[in-house]
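So the structure is just underneath, and the comments pick up after that.
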Amino acid sequence: MLAACQKKQTVPNPEIPVNLYKAKEQKVLYYDKYPATTAALSQVNLLPQIQGAVTAVFFTEGQVVKKGQKLYEIDKSIYQANYDAAVANQRVAEGNLTQAQQDAERYEYLNKYNAVAKQLYDHAIITLQNSKNQVKSAEEAVKSAKTNLNYAVVYAPFSGTIGFSQVKIGNVVTPGTTVLNTISTDDPMAVDFVINEKQLPKFENMERGKGGKDGKAPLPDSLYTLLLPDGSLYPATGKISVIDRAVDSQTGSIRVRLVFDNPKHNLKVGMSCVVRVHNQDVKPQLVLPNKAVVEQMGEYFVFVAADTMINNPKMGKDSASKKMKALLAHQKKVVTGQTIGPNVIIKSGINAGDRIIVDGLQSLHDGSKITTANKVAPGGGGKGGR
């Protein structure tokens, strides 16, 4: 009964076993990655300039065609007839001009000696001028008919790969609306991606051939590399071709275009890739295991172990020694950078030499007593670990 009446003793908070990692600066190699899409430097939809039925196709779909190569032929019988008629009309107009020229010269001679009525002379001069105008009109009609006749054959505007034909022999095509096919260049190939406007000065320095944080260091040959849709690394490196003229005011982003050699045509238009931009910051940086970083409401924290003087629960109130040294966990907010495999770069929030808790995070809170006496199995923590 006496034992039951005694007050239960308060059990002190146990020390939580953890593993520590000493933060240190080191040189790191990493890439900034950007989703990207391949695009042709030149691409055109082939549209007919005249109406008519397709009478011939002179290529194999998907093959490389040369500039000036014949691709399609549209029924030209009507346009050939129009051209022949225009040529005939031109000859008639030229004959009328010859006759009018002769009459004008004759009346001009007679007019010198007042041997012809003034009215007849004036009419002859006007007829001569009208004949000249008719010849010019006939010549333009011949040019127009010749152009339409030439449009009956469609040629490749540049060398490139031609796609699937959108029309077959016998299909009637309409100028300006019917797409015959599409041709695009293959080598080199453009790769477009979008950056934030805050990164623009960095990329402008790289476009001018200067790298590094000060914009003066030379750029490495492997500055721009490309990951293909299957995750493999494209064997060639790229270079900046152009930075778009304006920033999108709604998104605060701007488009950048790289150019990659594509001799084997492995890159196709419209592929989804990942552009990797080589890290240009050569200064050592703080790197922690990714599992040491805890995410809370979109912010990132780490637990730092620090020797701290706390009240000694074993000493009485009147004791001269009320303090004792203990190892406590202190939560600190950090700004993270690039993730490099199992590690992450820490831009700010901690210093080199800080002891960071990497295991045993599940039971921690700010001010928890910890111990390193017992080894903890790896686990716990990481971004989103709490």
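Write down the radius of gyration of region 8-136 and its Dmax, each obtained from C-alpha positions, in Å.
Spelled out, the Cα radius of gyration and Dmax of region 8-136 are 43.1, 150 Å.
Anything over 25 Å Cα to Cα? Flag those among K27/K268; K283/K332; K24/K291; K22/K283; K33/K291; K66/K239, in the order listed.
Working: K27/K268 36 Å; K283/K332 23 Å; K24/K291 16 Å; K22/K283 19 Å; K33/K291 22 Å; K66/K239 27 Å.
Pairs exceeding the cut-off: K27/K268; K66/K239.
Accessible area, 1.4 Å probe, largest first: how do E299, E140 sort?
E140, E299
Net charge near G163: determine it from the other residues with C-beta under 11 Å of the C-beta of G163, scoring Lys and Arg +1 and Asp and Glu -1. Mind showing how you got there, number by number?
Working: positive: K268; negative: E61.
Within the 11 Å Cβ shell, the charges total 0.
With a probe of 1.4 Å, find how much accessible area region 50-207 has per residue, and write the answer as a whole number in Å². Before the final figure, lay out the partial values.
Details: 9190 Å² over 158 residues.
Here the per-residue accessible area is 58 Å².
At 0.36 nm per residue, minus the direct Cα-Cα distance, what do K22 and K132 gain on full extension? Give it in nm, one decimal, please.
29.9 nm
Multiply the residue separation of V116 and A88 by 0.36 nm, subtract the distance between their alpha-carbon atoms, and state the gained length in nm to one decimal. Kindly include the intermediate steps, with their values, before the conclusion.
Values: separation 28, 0.36 × 28 = 10.08 nm, distance 3.45 nm.
Extending this stretch completely gives an extra 6.6 nm.
Counting only protein heavy atoms and using a 1.4 Å probe, what share of the accessible area of region 24-163 belongs to carbon plus sulfur, as a whole percent?
Carbon and sulfur together cover 49 percent of it.
The values are calculated or read from the model by the stated rules, or taken from the named source; none is laboratory data. None of these values were measured; they are calculated from a predicted model. In this analysis, Cβ positions are derived from the backbone assuming ideal geometry, glycine residues included, and neighbour counts consider all displayed protein chains. Accessible surface is based on the protein model in full, side chains and every heavy atom, while ligands, DNA and RNA are left aside. Shrake-Rupley method; radii C 1.70, N 1.55, O 1.52, S 1.80 Å.
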